[in-house]
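**Student:** Handing you a structure now.
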Amino acid sequence: MIRTARADEAALLTDLALRSKAHWGYDEAFMAACRDELTLVPEEIALHRTVVAEREHDGRVSVIGFGTLEGEPPEGAVGMMFVDPAAMGQGVGRLLFEYVIATARDSGFNRLTIDADPNAEPFYLAMGAVRIGETPSGSIPGRVLPLLAVALDHRAVTG
């Protein structure tokens with residue numbers, strides 16, 4: 001199930017983002033450098049149109065992923081998209097991505113960009129994004145990330 005995130009879930013979502021990022025084998029120094037960028041604050045949950053994916057198991061509901069839609073139409077960004085490592089490969093990312101795209105389209109966006117972790121680039125490409133360049137990391141000086149775009153309007157693909 002996908003639903004709107006609550007402000008009181010900021011710490012839970014921050015923890016999920018850090019666990020998801022660490023899944024790719026980044027060392028402690030790298031993760032420490034990313035901590036601020038991956039920290040959600042309650043005031044930004046609604047502002048960034050944050051949604052969560054949750055699953056019920058044995059009568060207990062848990063958050064297994066989240067995504068954000070940032071900016072204002074006509075162009076915005078998939079700001080964050082993280083899946084709990086235990087739920088990776090089970091379609092959670094696809095559901096979140098499709099939900100964010102549908103929300104963006106319904107909200108009047110024509111195009112979304114994604115500053116992708118290199119490990120996530122294949123996922124986004126499989127979802128229909130195209131690489132349009134590179135962008136500097138917000139956490140690691142000198143590191144560049146794949147810059148991707150998703151057209152919600154066929155005229156908006158090019159960089």
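**Student:** Among the listed residues Gly65, Gly76, Gly71, Gly89, which satisfies the condition of being touching a Phe, Trp or Tyr at 6+ places or on another chain (Cβ under 8 Å), free of Cβ contacts under 8 Å to residues at least 60 places away in the same chain and under 18 Å from Ser20 (Cβ atoms)?
**Tutor:** None of the others qualify; the one that does is Gly65.
**Student:** Now, a different point. If you scan region 80-126, which residues turn out to be farther than 24 Å from Thr14 by Cβ and in contact with an Asp or Glu (Cβ under 8 Å, 6 or more places away or on another chain)?
**Tutor:** The answer is Phe109, Asn110, Arg111.
**Student:** Now for a different question. Quick check: anything in region 13-36 over 26 Å from Arg143 (Cβ atoms) and at pLDDT 95 or above?
**Tutor:** There is no residue in region 13-36 that is over 26 Å from Arg143 (Cβ atoms) and at pLDDT 95 or above.
**Student:** Pairs please, first residue from region 43-60 and at negative phi, second anywhere and of a type in the set (Phe, Trp, Tyr), Cβ atoms under 9 Å, 6+ apart in sequence or on different chains.
**Tutor:** These pairs meet every condition: Thr50/Phe66; Val51/Phe66; Val51/Tyr99; Val52/Phe66; Ala53/Phe66; Ala53/Tyr99.
**Student:** Please specify each residue of region 138-154 satisfying the condition of being without any contact (Cβ under 8 Å) to a residue 60 or more places away in the chain and within 15 Å of the chain's Cα centre (by Cα).
**Tutor:** Leu145, Pro146, Leu147, Leu148, Ala149
**Student:** Among the residues of region 54-84, write down those that are within 20 Å of Pro122 (Cα to Cα) and assigned to a loop (DSSP other than H, G, I, E, B).
**Tutor:** Listed by number, the list holds a single entry, Asp84.
**Student:** I've got another one for you. Give region 9-68 a look and list any residue that's closer than 25 Å to Ser107 by Cα and hydroxyl-bearing (Ser, Thr, Tyr), or say none.
**Tutor:** Passing the criteria: Thr50, Thr68.
**Student:** Here's another thing I want to ask about it. Give the residue that is surrounded by the fewest Cβ atoms within 10 Å (Cβ to Cβ), with candidates limited to residues of region 112-150 that are of a type in the set (D, E, K, R) and touching a Leu at 6+ places or on another chain (Cβ under 6 Å).
**Tutor:** Per the criteria, the residue is Glu134.
**Student:** When only residues in region 55-90 that are touching a helix residue (DSSP H, G or I) at 6+ places or on another chain (Cβ under 7 Å) and among the aliphatic types (A, V, I, L, M) count, which is surrounded by the most Cβ atoms within 10 Å (Cβ to Cβ)?
**Tutor:** Top of the filtered list is Val83.
**Student:** Can Ala149 be described as more than 23 Å from Gly25 (Cβ to Cβ), modelled with pLDDT under 95 and touching a strand residue (DSSP E or B) at 6+ places or on another chain (Cβ under 7 Å)?
**Tutor:** In short, no.
**Student:** Residues Gly108, Gly93: which one is buried (at least 21 other Cβ atoms within 10 Å of the Cβ) and either over 14 Å from the mean Cα position of the chain (by Cα) or assigned to a helix (DSSP H, G or I) (or both)?
**Tutor:** Gly93
**Student:** Next question, about the same structure. For region 26-40, check the following and say yes or no: at least one residue is of a type in the set (Asp, Glu) and within 17 Å of the chain's Cα centre (by Cα).
**Tutor:** Yes, because at least one residue in region 26-40 is of a type in the set (Asp, Glu) and within 17 Å of the chain's Cα centre (by Cα).
The values are calculated or read from the model by the stated rules, or taken from the named source; none is laboratory data. Keep in mind it's a predicted model, so treat the numbers as computed, not measured. FYI the Cβ positions are ideal-geometry reconstructions off the backbone, even for glycines, and counts take in every protein chain you see.
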